Structure formats: C-alpha cells, structure tokens
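Undergrad: Would you mind keeping the following structure in view while I ask a few things?
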Amino acid sequence: MRPERGIISARPRLLAETLSFLAGKHEHTITDWLTCLNGPMEARPLAPRPLPCLQHLDRFAAVAAGEEGVLAQLLAEHRDALHWGQTYGEADFGRRFIDNYGWTELFGTRGHFVNEEIACGFLILGPHLHYPDHHHVAEEIYIPLTGGTAWRKGGGPYVEHAAGMVIHHPSNVNHAMKTGAEPLLALYLWRGGPLAARSTVTGKAQTA
C-alpha cells in the first residue's frame, strides 16, 4: 500500500470510530453536543506531522480497554498518518513538558475534517506532568481514554477520574491536570468561542 493511500484510509476510520464512541455516551452533559455531528464533514488535506510525545502511544494501546482501547489502538497504529500539534512552546512550560505533550485535531476549524461548530481531537500528556490552571472561552469536554490522571476544576481539589468518564469545563472556568506514573490519552471536544484559540494560563507548571 502506498503511504498516501494508508493516510487516506486511516483518517476516515478514526473519524467513524470516534463518532461511534461519542454516540455511545448518554450523559446529559454531552448529548446535545452530538447534534452538531450529524452531517458529513469534508476532509482537509493536512500533511502528517510527528511529535516526540507519540512515544507514549504504544503504552496507551497496551493499557486502554474496551471502546477506549479501540481508539487508543487506532491512534497507535496510524500515528504517522496524523498531523500532531502543540499550542505551547518550551518557554511556557519547559523542555520536558514539550517533549511529552501534543494533540491532534480530528475535526474542527483546523482538523483533518472540517467542522465550524465543534472541535474534537486527542491530547497526549506524558507521565508525571502538570498542565497548570488555564481557561478559554470555548466550553470543553474531556473523556480520558486512560486512567491515573488527577483533574481539577475551578478552585476545587485534584480528583482522579477513570477512563471513559465525561469531564465538563464550562466557558472561562479554570482547570488543570496532573498525570501520575501513567501517561494520559484523552479525547477532547470544544464548542463556542474561537475553536483554535490559545488558552489563558493562570497557573504555574510544577512537577506532578
């Protein structure tokens, strides 16, 4: 199979599996998001772009189970077909954070498929990382595909959430994450506000 043909087939498969995964979530906080995902999405011709954080994908494929495991396995198998990005640089959080952080937007205003109302992608954070308090205009949902990460919203404490849980962050509410011994793979959704905006960071990164 030619490389470009593999890229063409990998991206629609990941899209189909992601939409199927989301359709299976019946929590009240997410059901009305799915109305934006009923129509077809045009493919955007993004060139593949790797990042150092992709080293963690093999671990995700090994530990994630069930429907979360299906997505983790697809990302691991087709990592080289995707365009991976970073919002921050070394000056923001240091070299270790940057080498263990990245995301790919599956659909949205800059993703592999075009959607002007909602963005969806996958976030990678390596082990023992602190993603400090930050906020953005867009409303956000995270669904961790792996466990072991502690999450904080507003001024509350850090709470560990299991894989598959729906974590909701309203517009402009601070939130943060700390990974433990295991890296984090999480699906994210954004809607409202600029879908490609940089977050406002209000906290300081520390060793998790």
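Laboratory data are not the source of any read-out in this text; all were calculated from the coordinates shown. These numbers come from a predicted model, not from an experiment. Heads up, the Cβs are rebuilt from the backbone with ideal geometry, glycines too, and the neighbour counts pull from every protein chain shown.
Undergrad: Restricting region 176-191 to residues that are of a type in the set (A, V, I, L, M, F, W, C) and more than 10 Å from C120 (Cβ to Cβ), which is surrounded by the fewest Cβ atoms within 10 Å (Cβ to Cβ)?
TA: Looking at the filtered set, the residue picked out is A181.
Undergrad: Is it the case that A119 is of a type in the set (G, A, S), in a loop (DSSP other than H, G, I, E, B), crowded, with 21+ Cβ neighbours inside 10 Å and under 14 Å from the mean Cα position of the chain (by Cα)?
TA: Here the answer is no, as A119 does not meet what is asked.
Undergrad: So which of A47, A16 is assigned to a helix (DSSP H, G or I), hydrophobic (A, V, I, L, M, F, W, C) and either over 14 Å from the mean Cα position of the chain (by Cα) or within 26 Å of G148 (Cβ to Cβ) (or both)?
TA: Sole residue among the options that is assigned to a helix (DSSP H, G or I), hydrophobic (A, V, I, L, M, F, W, C) and either over 14 Å from the mean Cα position of the chain (by Cα) or within 26 Å of G148 (Cβ to Cβ) (or both): A16.
Undergrad: Could you list, in sequence order, all residues of region 50-71 that are part of a helix (DSSP H, G or I) and not hydrophobic (A, V, I, L, M, F, W, C)?
TA: P52, Q55, H56, D58, R59, G66, E67, E68, G69
Undergrad: Let me ask something else about it. Within region 85-109, restricting attention to residues that are under 25 Å from Q206 (Cβ atoms) and hydrophobic (A, V, I, L, M, F, W, C), which residue is nearest to the chain's Cα centre (by Cα)?
TA: Checking each candidate, the answer is W103.
Undergrad: Out of region 122-175, which residues are over 23 Å from L37 (Cβ atoms), surrounded by fewer than 17 Cβ atoms within 10 Å (Cβ to Cβ), in contact (Cβ under 8 Å) with a residue 24 or more places away in the chain and of a type outside the set (A, V, I, L, M, F, W, C)?
TA: P127, H128, N172, listed by residue number.
Undergrad: Oh, and also: Quick check on region 59-104: of everything there that is charged (D, E, K, R) and over 28 Å from D133 (Cα atoms), which residue is surrounded by the most Cβ atoms within 10 Å (Cβ to Cβ)?
TA: Result: R79.
Undergrad: With the structure loaded, tell me whether W33 is of a type in the set (F, W, Y), touching a Gly at 6+ places or on another chain (Cβ under 8 Å) and in contact (Cβ under 8 Å) with a residue 12 or more places away in the chain or whether it fails that test.
TA: no
Undergrad: For region 29-43, give me each residue that is among the aliphatic types (A, V, I, L, M) and under 12 Å from L19 (Cα atoms).
TA: L34, L37, M41
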